[in-house]
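Values in this text are rule-based calculations from the coordinates and carry no lab data. Since we're looking at a predicted model, the values are computed, not measured. A quick note on method: Cβ atoms are made from the backbone with ideal geometry, for glycine too, and the neighbour counts reach across all protein chains shown.
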Amino acid sequence: MTLGTRCANANHVFFIVFAIVCLCRDGITAARSLESGEQMIDWAMLLPDDQGKDVVLSSCTTCHGLDLIVTKQRSKESWLTVVGSMTGEYQADIPDKDVDVIVDYLGRYAGENNPVTAVPMDVNRASADALKRLRFLSGENIQDIVERRSKNEFRSIDELRQFLRLDQSKFDLATTYLQCGK
């Protein structure tokens, strides 16, 4: 066996171990959330539906969760470096034709101006653009939140629920994706 073959085999083993660790981590997190009655964060919901989202979902989630992407603020050049590292160092199976699609999408929605920097978001501090990523909030809800908090901050998510008259399913989502203060 040549040195090149041993290195390739070692990289392959590393990649398999890395994938198992990621799957176990996500599985343990999911089990803990379900056990405690928490609602799981749907990270995909926080990424806008636009050209390239499907490629990001199918390519990036084979090795890690979207939580590693959604709250990042990187330049397009930085995303190119990251994706290059994934395909080179970690041997992620991403076709060359998809690299630019992924980098373009991440540059737009997890770029330097990404409004989503933390989940749950602070309802009193999150920008209107960040709140727009929460599809359970209407445009009118977002406008009302921004207007109300400029006069008087929300003290609890229950107060937000009463203010917006959220039904139970939207309130459950609000408790997952929003908080009052950190």
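Which far-off residues, 5 or more places away or on another chain, put their amide H under 5 Å from the one on Q179, with H placed in the peptide plane?
Counting only residues 5 or more places away or on other chains, the set is M121, D122, V123.
What lysines sit close enough to K132 to cross-link, taking a C-alpha to C-alpha distance under 29 Å and skipping anything fewer than 8 places away on the same chain?
The reachable lysines, counting only those whose Cα sits under 29 Å from K132, are K53, K72, K76, K151, K170, K182.
Please report the net charge: other residues with Cβ closer than 15 Å to the Cβ of V56, K and R +1, D and E -1. Don't jump to the answer; show the numbers that get you there.
On the way: positive: K53, K72, R74, K76, K97, R108, R133; negative: D42, D49, D50, D54, D67, D93, D98, D100, D104.
Within the 15 Å Cβ shell, the charges total -2.
For S78, S59, which order do you get if you count the other beta carbons within 10 Å of each Cβ and list the fewest first?
Numbers: S78 17, S59 20.
Ordered from fewest to most neighbouring Cβ atoms within 10 Å, S78, S59 come out as S78, S59.
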